[in-house]
There are 2 protein chains.
Amino acid sequence: MPRSYETQQTCPVARSLGLIGDRWTLLVVRDLLRGGTRFADLMQSLEGISPNVLSTRLKTLEDDGILERSIYEHHPPRAEYHLTEKGRALSSVIGAIYDWGEQWAPSTDEVAAPSA
Amino acid sequence: MPRSYETQQTCPVARSLGLIGDRWTLLVVRDLLRGGTRFADLMQSLEGISPNVLSTRLKTLEDDGILERSIYEHHPPRAEYHLTEKGRALSSVIGAIYDWGEQWAPSTDEVAAPSA
């Protein structure tokens, strides 16, 4: 890094961020890395998200091949969300964000100085 | 991954995304990883961003200690933006996004199959 690119379309960073470049999307991926997850679990984990925004993000992630939706109960119908191989490959991105946050974005509950 | 967290505030991923969790912010960091960059260069690189949005993102990144602004010409005043150590540490995040994009978000100019 940095590597070369000519336009946003030829830059893998820009193309990736077109798919995953918002906070909620990456937090959904974070939660799904733990395994199959239901809508209600995501609502609880993603403090402050609205059901409409979560629905939209999940649909977009499904359309982009990052997650799959499966029905685990039929009466009433209940869905569970799983990452695809493409989605699981984002674990390296989430891991890098996690590591950066541990060093450079300390919790406001912690002492202000970042850990070395 | 996945690692444990109790709330968004105790999760380093969520805390990080509070600082860098939008597409433009990470594209600004991508550009600044190449070295000091002027506002006009960023405007040209970040196709489609408005000057107001770019100004706001730069100010926020400066307030969060991710970049520094320096004046390189006084008449008229012209500023250049540099990453701090905290900002340069994001190279691992940008690198992970780059690698994921190369494999999973092929350019629409390329053949549809992702490279292995």
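General observations
- All of A:Ile66, A:Ile71 fail the test of being aliphatic (A, V, I, L, M) and more than 9 Å from chain B (Cβ to nearest Cβ), apart from A:Ile71.
- Checklist (1) surrounded by fewer than 15 Cβ atoms within 10 Å (Cβ to Cβ); (2) within 14 Å of chain A (Cβ to nearest Cβ); (3) β-branched (Val, Ile, Thr); (4) within 16 Å of the chain's Cα centre (by Cα) applied to B:Thr56, failing item: (2)
- Answer residue from region B:8-22, given it is of a type outside the set (Val, Ile, Thr) and more than 7 Å from chain A (Cβ to nearest Cβ) and is nearest to the chain's Cα centre (by Cα) among those: B:Gly18
- Scanning region A:62-97 for residues that are in contact with a Leu (Cβ under 8 Å, 6 or more places away or on another chain) and of a type in the set (A, V, I, L, M) yields A:Ile66, A:Leu67, A:Leu83, A:Leu90, A:Val93, A:Ile94, A:Ile97.
- Evaluated against (1) within 15 Å of the chain's Cα centre (by Cα); (2) at pLDDT 90 or above, B:Ser70 falls short on exactly one condition, (1).
- Verdict on A:Thr37 being out of contact with any Leu (no Cβ under 6 Å at 6 or more places or on another chain), within 14 Å of chain B (Cβ to nearest Cβ), surrounded by 14 or more Cβ atoms within 10 Å (Cβ to Cβ) and modelled with pLDDT under 95: yes
- Residue within region A:99-112 that is more than 24 Å from B:Ser107 (Cα to Cα), within 14 Å of the chain's Cα centre (by Cα) and modelled with pLDDT of 95 or more present: no
- Of the helices (runs of 4 or more DSSP H) lying entirely inside region B:18-115, not one contains at least 2 residues that are within 16 Å of A:Gln9 (Cβ to Cβ) and touching a residue at least 60 places away in the same chain (Cβ under 8 Å).
- Filtered residues of region B:12-34 (kept if small (Gly, Ala, Ser) and surrounded by fewer than 19 Cβ atoms within 10 Å (Cβ to Cβ)): B:Gly18
- Selection status of A:Thr10, closer than 18 Å to B:Gln103 by Cβ and hydroxyl-bearing (Ser, Thr, Tyr): yes
The values are calculated or read from the model by the stated rules, or taken from the named source; none is laboratory data. In this text, all values refer to a predicted model and were calculated from it rather than measured experimentally. Because the Cβ atoms are built from the backbone with ideal geometry, glycine has one as well, and the counts that use them run over all protein chains shown.
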